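Chemist: This structure is in structure tokens; I'll ask about it shortly.
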Amino acid sequence: MIETQRHGTVLTIRIGNPPVNALSEDVRRGIYQAIDAAQSDDGVSAIVIHGAGRMFSAGADITEFGKPLAEPGLAVVIDAIEASAKPVVAAIHGSALGGGLEVALGAHYRVATASAKLGLPEVALGLLPGAGGTQRLPRLVGIPAALDMIVSGSPISGTKALDIGLVDKVVPEASLVEDAIAYAATLDAPRPTGTRAVSFEGGEFERFAEQNARKIKGLDAPQACIEAVRAATSLPLAEGQEKERSLFHTLMGGAQSKALRHAFFAERAAAKIDGLPKDVALRPIEKVGVIGAGTMGGGISMNFLSAGIPVTIVEMVQEALDRGTGLMRKNYEATAAKGRMTSAQVEGALALLTPTLDFNALSECDLIIEAVYENMDVKKEIFARLDGIAKPGAILASNTSYLSVDEIAQATKRPEDVVGLHFFSPANIMKLVEVVRGEKTAPDVLATGMATARKIGKVPVVSGVCFGFIGNRMLDPRLEGAMEMLLEGATPDQIDRVSVAFGMPMGPLQMIDLAGVDIGWHRDPTRIESLRDALNAVGRWGQKAGGGFYDYDEKRRHLPSPVASGIIDDYRAKAGVTPRAISDEEIMVRTMHVMVNEGAKILSEGIAQRSSDVDVVWIYGYGWPRHTGGPMFWAEQVGLAKIVADLERYADRLGEGFSLSPLLAEAARSGRSLDEARAG
Ligand code: HSC
């Protein structure tokens, strides 16, 4: 765990706790003892702390959270580093995150590689830096930079850290430890950060809170971070740390941190594929083909281009191809205009794109993703054609969002090479990819699908084959509930407000407006059999048409629509429905609880591998508020027995298609989690 070594009069302390050098109990004790022993060792003039393997340290061991804390605590270790009579240098490569950066802040000097990532990401776990970070960082870099790092949780590079005074030197990775030792040998005195005064201007906190109001609204941790940093301006280190510790404990005991920590582990658990050896050999993906240059095909292509992987994109007619590639350029340029890409990077990415009308050009590709419209016959035809031209071993993927990957695979003579790669719109931005495992999908195809999605920066989740897979299948009862309540008397705003108050980015009807009221529906004005038909018949196809359930202003903000409410009133009257008052509780049950019920069915059918995978799908695919942990985690926190009781109370309003999931009922009855109840 901890190895010490002497280099002349400099002592190195190496943290070795793979895979991320988390500061678990043994590591803390080891550092503490090494620092302590060095104090009385006359042969030691200075100390260097560094990390073995990929990084300095990813911080506190998150798996220890929620258990009684074993001594020595991290703050005690860091105080001992700062109190060392011999100068201590932290030598940082890879990541120094959370408690890892706090160790480095306790050191008197810091050297880092240019590409190192230094950050305090505790806020993403619903916490704050609890080992002195909120007190030492502002003393070192000032209030604005410290607030920025602590409240955003985003790491900065070694180069940026040098600019703001967080590190003293940037050195090459190859000679990091050597350079740190040479530097330490020149130092003759410690330089504790904790005794510095914080430079501080009036109004900084108020300004910061105002500027970030939207991002931090309703979240406990960012508010606590601000309060802790404020303490650094008025209290000496020890008292500031006491305040920090107390805020840390309050957050740790709160519901938001529990949910955010669940989300952290859920995301990592999703990477694991049941029934597949971890070391299955992957197929090399060096060239990708995309069929269809629509919004989806273009967005999918951009992910690969941005990751440096060449893409051949195929369309049927030149005009559609030009429109698609034009949109890709426009999207890239918009990113560049926001300063997130240079124009050289834009041109570099687009240079990897080969637009063509020649289907045979796909024969060179290792992975081919079909992204045409949802029609089984069309998809089967495309896969049969692909079978004839794709090289042996190429992975044939469909971006279908509802249809059976098994049926698509049957159109080929190589169903083992077929997999679903379901991206979410806008595909160049949304992180989720459902990797759909067909009945015959080969293990290495599935594993390559998952690895490739990660390579392009996505969060992949394995799904079995069913109509709509995990995400869209759960979306269906949510949208259905919303539409029915609209008919029964609720307004669009009333329904959507319940979801938005819960923390969703938008309500179900706003979502339909965004996707298109007409998507999956007809526009025929002579066949009006639903509210959607009634809207479609008059061209209220959603945002793209200027209005749907809502009107939209030039900034795409939604406004209540007198026209839509007239259409809804008319339709109700024609359907003979007398509107009634609908409570927020009922809206909650019919738009949220019904999703949990569907999620439980998805679990019991083995479509999702584990309940946390369902959470990951909703957090990354639909913007479910991360601080509630995802729908299944949220339901377990509310209590499955309560969810079931609520569903039963409204059972006669949940429509004929509704049935309570036996798994959900059983878990609620026995007081077990859904995963436990499923395992039997
Ligand atoms: C913290 O530091 C609190 C402090 O302020 C101190 C508080 C003191 C309190 C005192 C009381 C008052 N711990 O992500 P990967 C696992 S909070 C345990 O796939 P990558 C991970 O689960 C911490 N395990 O790798 C996975 O395990 P699996 C603040 C951790 O290369 C494996 O390592 N720090 C862990 O893609 C590989 O992880 C953070 O929030 C941890 N800290 O990314 C950083 N970190 O194989 C969290 C990772 O079994 N970590 N694991 O699935 C990360 O952001 C990423 O892991 C890295 C590496 C960017 C480090």
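The values are calculated or read from the model by the stated rules, or taken from the named source; none is laboratory data. Since we're looking at a predicted model, the values are computed, not measured. No Cβ is skipped: glycine too gets one built from the backbone with ideal geometry, and neighbour counts run over all protein chains shown.
Chemist: With respect to PHE248, determine if the residue is within 30 Å of ILE607 (Cα to Cα) and either out of contact with any helix residue (DSSP H, G or I) (no Cβ under 8 Å at 6 or more places or on another chain) or not aliphatic (A, V, I, L, M) (or both).
Modeler: No.
Chemist: Any residue in the stretch 608-618 that is surrounded by 18 or more Cβ atoms within 10 Å (Cβ to Cβ), out of contact with any Phe, Trp or Tyr (no Cβ under 7 Å at 6 or more places or on another chain) and among the aromatic types (Phe, Trp, Tyr)?
Modeler: The answer is no, given that none of the residues of the stretch 608-618 is surrounded by 18 or more Cβ atoms within 10 Å (Cβ to Cβ), out of contact with any Phe, Trp or Tyr (no Cβ under 7 Å at 6 or more places or on another chain) and among the aromatic types (Phe, Trp, Tyr).
Chemist: Further question: Looking for something out of contact with any strand residue (DSSP E or B) (no Cβ under 8 Å at 6 or more places or on another chain), in a loop (DSSP other than H, G, I, E, B), over 24 Å from ASP652 (Cβ atoms) and not assigned by the TED database to the domain that holds ASN375 - is there at least one such residue anywhere in the stretch 565-580?
Modeler: No, the conditions are met nowhere in the stretch 565-580.
Chemist: While we're looking at this one, here's another question. I'm trying to understand the selection: among the residues of the stretch 401-433, which are among the hydroxyl-bearing types (Ser, Thr, Tyr) and either at pLDDT 95 or above or at positive phi (or both)?
Modeler: Once the filter is applied, which keeps residues that are among the hydroxyl-bearing types (Ser, Thr, Tyr) and either at pLDDT 95 or above or at positive phi (or both), the stretch 401-433 yields SER404, THR412.
Chemist: Restricting the stretch 126-144 to residues that are aliphatic (A, V, I, L, M) and within 15 Å of the ligand (Cβ to nearest atom), which is nearest to SER199 (Cα to Cα)?
Modeler: The selected residue is LEU137.
Chemist: Being more than 30 Å from ARG626 (Cβ to Cβ) and within 15 Å of the ligand (Cβ to nearest atom) is the filter here; which residues of the stretch 248-296 pass it?
Modeler: Scanning the stretch 248-296 gives a single hit, ASP279.
Chemist: Oh, and also: Filtering the stretch 104-125 down to residues that are assigned to a loop (DSSP other than H, G, I, E, B) and more than 10 Å from the ligand (Cβ to nearest atom), which residue is surrounded by the fewest Cβ atoms within 10 Å (Cβ to Cβ)?
Modeler: SER115
Chemist: If LEU101 satisfies every condition in (1) in contact with a Lys or Arg (Cβ under 6 Å, 6 or more places away or on another chain); (2) within 16 Å of the ligand (Cβ to nearest atom); (3) not in a loop (DSSP other than H, G, I, E, B) but one, which is the exception?
Modeler: (1)
Chemist: Check every one of the helices (runs of 4 or more DSSP H) wholly within the stretch 296-413 and list those with 3 or more residues that are under 30 Å from VAL465 (Cα atoms).
Modeler: It comes to 376-389, 405-410.
Chemist: While we're on this one: Count, please, the residues in the stretch 41-98 that happen to be under 29 Å from the mean Cα position of the chain (by Cα), assigned to a loop (DSSP other than H, G, I, E, B) and within 11 Å of the ligand (Cβ to nearest atom).
Modeler: Residues that pass the stated criteria total 11.
Chemist: From the list GLY539, GLY548, GLY516, which residue is surrounded by 12 or more Cβ atoms within 10 Å (Cβ to Cβ), free of Cβ contacts under 8 Å to residues at least 24 places away in the same chain and outside the structural domain of PRO426 (by the TED database)?
Modeler: Testing whether each residue is surrounded by 12 or more Cβ atoms within 10 Å (Cβ to Cβ), free of Cβ contacts under 8 Å to residues at least 24 places away in the same chain and outside the structural domain of PRO426 (by the TED database) leaves just GLY539.
Chemist: Then there's this: Take GLU439 and decide whether it is surrounded by fewer than 17 Cβ atoms within 10 Å (Cβ to Cβ), of a type in the set (D, E, K, R) and at pLDDT 95 or above.
Modeler: Judged against the criteria, GLU439 is a match.
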